[in-house]
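The structure appears right after this line, and notes come after that.
The values are calculated or read from the model by the stated rules, or taken from the named source; none is laboratory data. Keep in mind it's a predicted model, so treat the numbers as computed, not measured. Methodologically, a virtual Cβ is constructed for each residue, glycine included, from the backbone with ideal geometry; neighbour enumeration extends over all protein chains shown.
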Amino acid sequence: MRDFVAELEQRKHSGLYRVRRQISGPQQPLLVADGRPLLSFCSNDYLGMASRPELSRAAADAMQGNGLGGAASHLVCGHHDAHHRLEQRLAAFTGRSAALFFSTGYMANMGVISALAGRGDTIFSDRLNHASIIDGCILSRARVRRFGHGDPESLESMLSRTGGHKLVVTDGVFSMDGDIAPLAELSRLCRAHDALLVVDDAHGIGVLGPEGRGSLAELGLTEDDVPVLIGTLGKAVGSSGAFVAGPALLMDYLVQKARTYIYTTAMPPAIAAATCASIDLIEQEQHRRDHLATLIATFRQGALALGYELMPSRTPIQPIMVGDNWTALALSQALEERGLLVTAIRPPTVPEGQARLRVTLSAAHSRDDLQQLLNGLAQCRHLLQTGEEQAV
């Protein structure tokens with residue numbers, strides 16, 4: 001126990017200690033966090049779907065007829081017709097032949113990667129991939145090689161010197177930087193070197209592409225170009241769970257092999273019903289993506305004018321680069337004192353020396369909400385200057 005205490009104390013000393021907030025009420029821009037109203041800019045609810053009444057009604061209606069719990073795994077007696085309808089809807093939405101409904105994005109990545117590669121195989125993983133991808137690679141027991149972030153040349157060099165079964169895996173939109181992988185080039189390389197490409201588009205689904213179909217659809221990449229697409233449903237879709245979509249043969253293979261799909265209780269049928277309702281709205285409501293794009297452009301213009309350092313992102317993920325852990329915490333706290341909730345992100349979530357505030361925008365934010373954030377950033381700019389002076 002003393003070792004654990006010492007490690008916790010070290011995290012506190014290094015500015016790496018994490019705490020949970022208690023949220024009351026619905027997930028929306030104006031949150032009640034630890035009993036205090038705060039205007040939130042740290043949610044992944046990019047389209048403002050999480051508290052839409054249409055989703056709540058769809059879930060309530062489904063519970064009337066189906067009850068609440070999934071009760072069993074999909075391969076026992078838990079695969080409900082609501083799950084089946086959602087899988088068909090997800091396949092059509094993403095332009096894939098078939099889809100599987102997983103309980104979480106973490107479980108989807110763990111299950112898919114460890115099923116599609118194993119001992120004797122090689123996985124090529126972008127250096128900034130999400131933790132769930134990294135852990136899926138470890139679980140697979142395959143050899144793992146990390147290529148330079150968003151660097152096709154780095155990947156090509158590795159692929160050209162590797163034989164056997166090869167799996168390439170990348171985020172579509174990177175969760176901490178907000179940039180988009182060079183997916184067309186990665187697809188070309190995988191074709192040329194006979195590698196299977198897996199893309200986790202957790203932060204692209206709903207936001208990018210025609211009708212919100214994601215970063216692959218934005219580039220016109222089909223199932224032939226990217227055989228395996230993974231997406232989460234708890235971000236822009238506003239519900240819960242995740243999915244993998246691709247050729248029917250691969251989906252059948254995953255039913256047989258993906259341990260995180262096989263050995264867990266199926267999600268509540270009501271969640272599947274609510275997710276179908278959300279996808280219908282996402283397809284229909286282009287105005288939400290248009291408003292979100294306007295907020296992103298306005299934020300970038302305003303934050304850069306204030307002297308903040310941003311990453312080259314055109315997605316709702318807009319990191320403000322700070323560098324020092326304590327300065328990032330101080331800036332986050334100063335904004336909170338002004339009624340704004342923006343989370344400080346520190347190692348190991350991001351590399352050492354790259355602490356930041358991860359601003360995320362939502363179609364549920366108003367222009368006035370955004371102006372309040374920019375006003376707060378203007379009032380707190382001196383904290384970064386203080387941090388820069390201390391670093392010198």
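Out of all the residues in the stretch 296-330, which are farther than 23 Å from His203 by Cβ and not in a loop (DSSP other than H, G, I, E, B)?
Passing the criteria: Ala305, Gly323, Asn325, Trp326, Thr327, Leu329, Ala330.
Taking the condition closer than 30 Å to Arg119 by Cβ and at pLDDT 95 or above, does Thr222 pass?
Values: closer than 30 Å to Arg119 by Cβ: no; at pLDDT 95 or above: yes.
Answer is no for this residue.
Condition test on Glu156, is it over 20 Å from the mean Cα position of the chain (by Cα) and either in a helix (DSSP H, G or I) or not assigned by TED's automatic domain parsing to the domain that holds Ile317 (or both)?
Judged against the criteria, Glu156 is a match.
Please enumerate the residues belonging to the stretch 294-337 that are among the hydroxyl-bearing types (Ser, Thr, Tyr) and surrounded by fewer than 17 Cβ atoms within 10 Å (Cβ to Cβ).
So the first thing to find is which residues in the stretch 294-337 are among the hydroxyl-bearing types (Ser, Thr, Tyr), and the list is 294, 298, 308, 313, 315, 327, 332.
Residues satisfying the conditions are Thr294, Thr298.
For residues that are more than 26 Å from the chain's Cα centre (by Cα) and loosely packed, with under 14 Cβ neighbours inside 10 Å, tally how many sit in the stretch 37-62.
Of the stretch 37-62, the ones more than 26 Å from the chain's Cα centre (by Cα) are 60-62.
Right, trim to loosely packed, with under 14 Cβ neighbours inside 10 Å and you get 60.
Going through the stretch 37-62 one residue at a time, the tally reaches 1.
Hey, among Ala58, Ala91, Ala82, which residue is of a type outside the set (Phe, Trp, Tyr), closer than 30 Å to Thr294 by Cβ and either in the same structural domain as Gly214 (by TED's automatic domain parsing) or assigned to a strand (DSSP E or B) (or both)?
Numbers: Ala91 fails: closer than 30 Å to Thr294 by Cβ; Ala82 fails: closer than 30 Å to Thr294 by Cβ.
The unique qualifying residue is Ala58.
Whether any residue in the stretch 213-220 is without any contact (Cβ under 8 Å) to a residue 12 or more places away in the chain, assigned by TED's automatic domain parsing to the domain that holds Ile134 and buried (at least 20 other Cβ atoms within 10 Å of the Cβ) is what I want to check.
For the stretch 213-220, residues without any contact (Cβ under 8 Å) to a residue 12 or more places away in the chain, assigned by TED's automatic domain parsing to the domain that holds Ile134 and buried (at least 20 other Cβ atoms within 10 Å of the Cβ): absent.
The rows are residues; the columns are (1) in contact (Cβ under 8 Å) with a residue 60 or more places away in the chain; (2) out of contact with any helix residue (DSSP H, G or I) (no Cβ under 6 Å at 6 or more places or on another chain); (3) crowded, with 18+ Cβ neighbours inside 10 Å; (4) in a loop (DSSP other than H, G, I, E, B).
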{"site": "Ala115", "(1), (2), (3), (4)": "yes, no, yes, no"}
{"site": "Arg119", "(1), (2), (3), (4)": "no, yes, no, yes"}
{"site": "Leu128", "(1), (2), (3), (4)": "no, yes, yes, yes"}
{"site": "Ile138", "(1), (2), (3), (4)": "no, yes, no, no"}
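Since Asp280 meets every condition but one in (1) surrounded by fewer than 23 Cβ atoms within 10 Å (Cβ to Cβ); (2) closer than 30 Å to Arg18 by Cα; (3) at pLDDT 95 or above, which condition does it not meet?
Here Asp280 clears every test but (2).
Which residue, of Gly150, Gly70, Gly65, Gly136, is assigned by TED's automatic domain parsing to the domain that holds Ala274 and under 23 Å from Glu218 (Cβ atoms)?
Criteria check complete, one pass: Gly150.
Considering only residues that are surrounded by 17 or more Cβ atoms within 10 Å (Cβ to Cβ), under 30 Å from Arg300 (Cα atoms) and of a type in the set (D, E, K, R), which ones fall in the stretch 156-197?
Answer for the stretch 156-197, where residues must be surrounded by 17 or more Cβ atoms within 10 Å (Cβ to Cβ), under 30 Å from Arg300 (Cα atoms) and of a type in the set (D, E, K, R): Asp171, Asp177, Asp179.
Take Thr349 and decide whether it is polar (S, T, N, Q), assigned to a helix (DSSP H, G or I), out of contact with any strand residue (DSSP E or B) (no Cβ under 6 Å at 6 or more places or on another chain) and outside the structural domain of Leu208 (by TED's automatic domain parsing).
No; evaluated as a whole, the condition is false for this residue.
Scan the stretch 238-248 for residues that are on the phi < 0 side of the Ramachandran plot and out of contact with any strand residue (DSSP E or B) (no Cβ under 8 Å at 6 or more places or on another chain) and jot them down.
Answer for the stretch 238-248, where residues must be on the phi < 0 side of the Ramachandran plot and out of contact with any strand residue (DSSP E or B) (no Cβ under 8 Å at 6 or more places or on another chain): Ser239, Ser240.
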